[in-house]
Every structure is written in C-alpha cells, then in structure tokens.
Amino acid sequence: MSKKSRRPVVRKPIPVKTRPAEPAVSPQLRVVLDMARELPQLSGPFDAEGTVAVALTEAAAMNSTTPWGPPVPGLMTTPAEQPHDPAALTFDGRGEHGLWNSVIGHAVATPSRRGLALLRGMATVLPDETTARAASVAADALVAGGLPEPSWAAALGELKPGDCWHYDATETGHTMVVATYWYGDTQHALSLLIDHMMGGVAKNLIATFEIEKLLASATLAPISQDKAHELMAQAYELTYKYPQLHVDPDVHRFRFLVHRRLNRL
C-alpha cells in the first residue's frame, strides 16, 4: 500500500482530571489559617484554646473599629456614652458569625489536621452555643473520615477552677485580679488589670503558666472564684460598653478564654 493511501492516525484525546475548586479564602480566613498552622502540633489544651481564640479575634479585628495596638497614655480617660457601634468587637463575638462559618466551611471542604484542630478549638471557645455545636459536629465527621484527633483535644473539656487573688488599689486607680485554672495537673492563670482612671475597664490581660511570678509581682490577697469572676465580668462589660477606649490588644485577643471561664465553669 502506498503512503498516499494510508489513513491518518487519529489519536484519542487524553482525559484530563480536574480537581474540585477550593473554596475562596478571604483575608480574614487567611489570618486564621496562618495563625493555626502549628495548632495540631501543640502539646497542651491551654495553648490550643489560646491559639484559636487569638486567631479568631485577630481576624475579626481586621474589619473592626475597635482601637488596636499599645494603649496611648493621652487616651486613658473616663469613658463617655456613645451610640452603639456595630463594627466594634464585642465580648461574645456577636456579629462575627460570618467569619466563624467561613472557618467551619473551609475545614469541611478541605479536610486537614489543621482544620480539625480549628474545629475542636472553636467548639470549645466560641461563646455562641449553636456555632460551637456545628463546629463539634463537623469535627466528628472529619474524624469519622479518618483524620487523627489532636493530642490535646480530649483534655479541652477537663478545665477546672483553681485559687484566685486580687490586689485592690482603687484609690490609686488600679485593681489586679489573678484567677487560676487547671487542665489535669497543669495550672495556668489569667491576670487582669482593671483601670479605674478609665472608668473600670479591663486595661491589660496576661495568660500565663508562670503563677509564682505573678504572685510575686504584687501584694495579693486571696478571694473566692465567684468574686474574682464578678470583678472580671464587670471590667469586660465596661470594656465593650465603651469600645472607643484604647486598651491592650490582649484584652481582646483572650476575650473568648475569659468568656468561657466566666460562663461555663
């Protein structure tokens, strides 16, 4: 057969497999994902819940009118009543459900150890019970699909109260409250500085394992946990009643840790 009579070879097209498109990642969601990068490898529940609380708040602050950064001495004045600001951060995170739902949705759509760890942390620290429950259900589904639980996940539900102290110097403008808690045999503390020159708001908050260092920093007297929580609750209520006041960002970053301890112990 001559070359002219040969039929051209028709090659069948090679099928191309397309991956499903990943969900869009907003700048807020990117902050949460980046800050939670090491979350699955953390060794303890206190570090884990703190990481999740801080990540969610850092992301929420991006679209917030709440002042952010070190307090400015010239702004430390008694607060004045102002109209409600829906763009300001709140103690319970109302108005942040869109962010929370986007984190849950991303974790479900792109299963990973980081996503599972975020869901377990959110189920623990979120003030909104409905969203916290949704995060827990989503986490259970990821585990059923084969993802391993973070080593600290089971311990998140074992938070117990400890001893509390305070230093009352109202006449000089400050009150310090130290409240301790336990995860198993590991103790941690939240130390809150209340500024009466600013109307009694929470000016600074420290979350730490260094209990002895805190107790040595001032002359502290023991108080009941109920009294400690009452003082903390009053200060945080005033902080978010007057969101225009410039307080240390850690007051906001750890707000969900404080909220959990005031409302779920």
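The values are calculated or read from the model by the stated rules, or taken from the named source; none is laboratory data. These numbers come from a predicted model, not from an experiment. We place every Cβ from the backbone using ideal geometry, glycine too, and count neighbours over all the protein chains shown.
Being crowded, with 18+ Cβ neighbours inside 10 Å, at pLDDT 95 or above and part of a loop (DSSP other than H, G, I, E, B) is a description that does not apply to Leu119.
Of the residues making up segment 210-265, those that are in contact with an Asp or Glu (Cβ under 7 Å, 6 or more places away or on another chain) and among the polar types (S, T, N, Q) number 0. For Ser112, state whether it is at pLDDT 90 or above and over 17 Å from the mean Cα position of the chain (by Cα). Judged against the criteria, Ser112 is a match. Among the residues of segment 164-215, just one is of a type in the set (S, T, N, Q), over 20 Å from His229 (Cβ atoms) and in a helix (DSSP H, G or I), namely Thr172. Only one entry in Asp185, Asp163, Asp168 is in contact with a strand residue (DSSP E or B) (Cβ under 9 Å, 6 or more places away or on another chain), acidic (Asp, Glu) and within 21 Å of Leu265 (Cβ to Cβ), namely Asp163.
For segment 121-152, the set of residues classified as in contact (Cβ under 8 Å) with a residue 40 or more places away in the chain and either touching a helix residue (DSSP H, G or I) at 6+ places or on another chain (Cβ under 7 Å) or of a type outside the set (S, T, N, Q) (or both) consists of Gly121, Met122, Thr124, Val125, Leu126, Pro127, Pro150, Trp152, listed by residue number. Within segment 165-198, the set of residues being of a type in the set (Gly, Ala, Ser) and surrounded by fewer than 17 Cβ atoms within 10 Å (Cβ to Cβ) comprises Ala169, Gly173, Gly184.
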